[in-house]
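Asks: Got a structure here, written out as structure tokens. Questions coming.
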Amino acid sequence: MKCFRDALKTAKCWVVGHKLRAAVLGAVLLVVAPWPAKAQFVDPCCAIMAAGLASISSALQNVIGGGLNQILGVDQSIQQFEQNTVWPQNLINQARALVGGLQGIFNQIQSLTQIRVNSATLPNSQQLEANLLSRNANQIGQTSSNYTTLYGQVPTTTDASQQVRDMVDMTDAAAQDAMKRAIEIDALSDLELQAASQINQSIQSAAPGSAPIIEAQADAWLVRANAYTQAATADLMRLRAIDLANSSADIKMGATNSTNLRQQLMNLLQHN
Amino acid sequence: MHYVTFVLFGLTFTWFMVSANSSRRVLAVTVAGILVSTMLFAPPLAEAQGGLVQAIQAVLNVINGMLKSALTAINTARTALTALYQNSVWPVQLINQARAQVTQMINQYRALMASILNMNLSSATLPTPQSFETMMRDHRVNNFNSLTQSFGNTYGAIPTSVDASQADRDMSDMDDALTLDSLKTLKASDNATDLELQAANSIENSATQAAPGSAPFMTASAVASSIRSQALTQKMLAAELRQEAAHIAHQNGFRKRGATFTTQFRNLMMNLLQHN
């Protein structure tokens, strides 16, 4: 304490003795002494910033918020329209249920096509009939031999003229072609029924957006089915054309035979 | 940090000031102190307040200019899209009109067409053909044996081996078999046709309550039904092909046998003439 008092006394003496130095020292220390920072609330810079932020906030609320709210309102109305009018979930479920119900009907149709209709009673006809109703394209190879067993072979050159032999062979060929086509068409229609069932099952688990894709596939199958029907119709027309040609050939051959007979009778009468 | 620096500076400056011997030194220490204090305690450069105002104004300009324009454009586009959906693509009025049209057409056509299709076409006059005709048109698939029986009653049985050659018996049996096959196939087809009509009615009934989003399910199902319908038509065509093929094969069989008989007859005549 005494030292401190002595130090103060010495300092006082020095200040009194060196007034100018003491003044310079005090002034420099006063200037460089750190002062507490001013509060931001009263700082004019912060006041400007606060006003600016308030303006930004107001603009965000009015301009951006208002605009977004309007867009939200429009979007909500679109959503309601689409949910209630365009894609109502209950009607979509109802449509799926309908497809499920139709599958039952289609299964009945498919089982109807599987019913056996074989009716022949004798061995040869039973064999040909079994081949024709087989629905198995791999059995087409046996059709010709079964056919020949039942309907006989083309007459030999001794038994018939070349014209008759050609006609008989062509008729046999058309008949066998048609029978083979019938086996093919049966096999194809079985596959079509199978594909139609698969498509129907896909529809049951489809979404409104994926159903048109399945529909496109079904359309393609329909086009294909039409092509098969046309192929069968073409063979039917060929068969009828051959039938008509045979009728015509009978007339032609009848005329030739009559002429030949008349000629031979004339020769016979002349010889007598 | 500032306080520590200030204390250090203050002590050093005071020591130099106290220990200075002459006025010149005092002046030098004072100048040096001011310079050092300027370097140590120089305040950071204050930013101009005008820059802050400009920055805030720039943000406000972006909000009121670009963002407002963008939001207005989006809103306009969405509103136009809504109008397009509701007025052009899926107008509720036309949707209801389409549903009403389906209902109206059901009422107009369904019963009429069903009555036309179900008209009685039976034309036989004698008991046996009447029975056969009824049986082949009854759409049933569980009476094929009766159909065969009835067919036999009307068209007769296959000749016995005493009455006809094996070739004739075979051909006759094949003709009968393919006729019966076709008739049985047609009974099944008739039944399937009934089911197809049932399916068509179900689809049409559902269309009366369909929405644009549920209609593709019905369309796809209807197309699948069309494939089935084609398959059934093909089955009928296949039966007709078999039948027609057997028909011309039968005629051809006669030709073949005619050739054989002619040869046999010629040989007989030759033998007869030679014996004479």
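Asks: Between residue B:76 and residue A:219, how high is the FRET efficiency from 1/(1 + (r/R0)^6) when r is the Cβ-Cβ distance and R₀ = 45 Å? Nearest 0.05.
Replies: On the way: r = 39 Å, r/R0 = 0.86.
E(calc), rounded to 0.05, equals 0.70.
Asks: Within 15 Å, Cβ to Cβ, of residue A:203, how many net charges do the neighbouring residues add up to if Lys/Arg are +1 and Asp/Glu are -1? Present the calculation step by step, with values, prior to reporting the outcome.
Replies: Values: positive: A:96, B:228; negative: A:215, A:219.
Around residue A:203, the surrounding residues sum to 0.
Asks: Something else now. If the reach is capped at under 24 angstrom between alpha carbons, list the lysines near residue A:9, excluding any in the same chain fewer than eight residues apart.
Replies: A:19
Asks: Work out the length of the dipole vector of region B:121-235 about its Cα centre, built from +1 on the beta-carbon of each Lys and Arg and -1 on the beta-carbon of each Asp and Glu, and round it to the nearest 20 debye. Walk me through the intermediate numbers first.
Replies: On the way: 7 positive and 13 negative charges, 88 e Å.
I would put it at about 420 debye.
Asks: While we're here: Can you compute the charge dipole magnitude of the protein assembly as shown about its Cα centre, using +1 on each Lys and Arg Cβ and -1 on each Asp and Glu Cβ, nothing else charged? Give it in debye, rounded to the nearest 20. Could you put the intermediate results ahead of the total?
Replies: Numbers: 36 positive and 35 negative charges, 872 e Å.
Around 4180 debye, computed over the protein assembly as shown.
Asks: Further, regarding this structure: Local charge sum around residue A:10 (other residues, Cβ-Cβ under 15 Å, Lys/Arg +1, Asp/Glu -1)? Don't skip to the end; give the middle numbers.
Replies: Working: positive: A:2, A:5, A:9, A:12, A:21; negative: A:6.
Taking every Cβ under 15 Å from that of residue A:10, the sum is +4.
Asks: Compute a Gaussian network model of chain A, connecting alpha carbons closer than 10 Å, and tell me which residue from A:87, A:221, A:14 fluctuates the most.
Replies: Judging by the Gaussian network model, the answer is A:14.
Asks: Over all residues in B:144-151, what is the mean tally of Cβ atoms on other chains that come within 10 Å of each residue's Cβ?
Replies: Taking the mean over all residues of the peptide, I get 1.
Asks: Neighbour counts of other C-beta atoms within 10 Å: give me A:151, B:155 arranged from fewest to most.
Replies: Working: A:151 26, B:155 15.
Ranking A:151, B:155 by Cβ neighbours within 10 Å, fewest first, gives B:155, A:151.
Asks: With a ≥ b ≥ c the root eigenvalues of the C-alpha gyration tensor of region A:93-271, is it rounded (a/c under 1.5), prolate (a/b larger than b/c) or oblate? All intermediate terms of the calculation are to be shown ahead of the outcome.
Replies: Working: a/c = 4.50, a/b = 2.77, b/c = 1.62.
Here region A:93-271 falls in the prolate category.
Asks: Rounded if a/c is under 1.5, else prolate if a/b beats b/c, else oblate: with a ≥ b ≥ c from the C-alpha gyration tensor eigenvalues square-rooted, which is region A:100-150? Display every interim value, and only then the final one.
Replies: Working: a/c = 7.07, a/b = 2.43, b/c = 2.91.
Judged from the Cα gyration tensor, region A:100-150 comes out oblate (a/c at least 1.5, b/c at or above a/b).
Asks: Comparing A:252, A:12, A:180, which has the greatest mean-square fluctuation in the GNM of chain A with Cα pairs linked when under 10 Å apart?
Replies: The residue that fluctuates most here is A:12.
Asks: With runs of 4+ DSSP H residues as the only contributors, calculate the mean residue ellipticity of chain A at 222 nm using -39,500 (n - 2.57) per run, divided by the residue total and rounded to the nearest 500. If you can, show how the numbers build up before the last one.
Replies: Values: 9 runs with 210 residues, N = 272.
It comes out at -27000 deg cm²/dmol, rounded to the nearest 500.
Asks: Can you give the helix-only mean residue ellipticity at 222 nm for chain B, where every DSSP H stretch with n ≥ 4 adds -39500 (n - 2.57) and the sum goes over all residues, rounded to the nearest 500 deg cm²/dmol? Each step should come with its number before you reach the end.
Replies: Working: 10 runs with 213 residues, N = 276.
Value at 222 nm, helices only, nearest 500: -27000 deg cm²/dmol.
Asks: Separate question: Among A:148, A:229, A:94, whose Cα projects farthest towards the positive end of the dipole of region A:93-271, with charges put on the beta-carbon of Lys, Arg (+1) and Asp, Glu (-1)?
Replies: A:94
Asks: I want to verify a result. In a Gaussian network model of chain B, Cα cutoff 10 Å, which of these has the top mean-square fluctuation: B:118, B:153, B:143?
Replies: Greatest mean-square fluctuation among the candidates belongs to B:118.
Asks: Give me the distance between the Cα centres of region B:195-249 and region A:185-264, rounded to whole Å.
Replies: A separation of 16 Å, based on Cα centres.
Asks: Charges at C-beta only: +1 for Lys and Arg, -1 for Asp and Glu. How large is the resulting dipole of chain A about its Cα centre, in Debye rounded to 20? Write out the running numbers ahead of the final one.
Replies: Details: 18 positive and 19 negative charges, 606 e Å.
Dipole magnitude for chain A comes out near 2920 debye.
Asks: Multiply the residue separation of residue B:118 and residue B:262 by 0.36 nm, subtract the distance between their alpha-carbon atoms, and state the gained length in nm to one decimal. Write out the running numbers ahead of the final one.
Replies: On the way: separation 144, 0.36 × 144 = 51.84 nm, distance 5.24 nm.
So the extension gain works out to 46.6 nm.
Asks: Ok, one more. Which residue, chosen from B:51, B:171, B:155, occupies the Cα position most advanced towards the positive end of the dipole of chain B, where the dipole is computed from +1 (Lys, Arg) and -1 (Asp, Glu) charges on Cβ about the Cα centre?
Replies: Going by the charge dipole, the pick is B:51.
Asks: Within a Cβ distance under 13 Å of residue A:178, other residues only, what is the Lys/Arg minus Asp/Glu net charge?
Replies: On the way: positive: A:180, A:181, A:238, A:240, B:242; negative: A:172, A:177, A:184, A:186, A:235, A:243, B:240, B:244.
Neighbourhood net charge equals -3.
Asks: Also, I was wondering about something else. Among B:200, B:135, B:230, whose Cα projects farthest towards the positive end of the dipole of region B:94-275, with charges put on the beta-carbon of Lys, Arg (+1) and Asp, Glu (-1)?
Replies: It is B:230.
Asks: Please report B:13, A:81 as a ranked list, fewest other C-beta atoms within 10 angstrom at the top and most at the bottom.
Replies: Values: B:13 22, A:81 16.
By the 10 Å Cβ count, ascending, the order reads A:81, B:13.
Asks: Quick one: compute the contact order of chain B, relative version, from alpha carbon pairs under 8 angstrom and 6+ residues apart, as a percent.
Replies: Details: 103 pairs, mean separation 44.0, N = 276.
RCO, chain B: 16 percent.
Asks: Using Cβ counts within 10 Å as a stand-in for footprinting exposure, how do A:213, B:158 rank, fewest first?
Replies: Working: A:213 14, B:158 21.
Listed from fewest to most nearby Cβ atoms, that is A:213, B:158.
Computed from the coordinates by the stated procedures, all read-outs in this text should not be read as laboratory data. Keep in mind the model is a prediction, meaning the values are calculated, not measured. We place every Cβ from the backbone using ideal geometry, glycine too, and count neighbours over all the protein chains shown.
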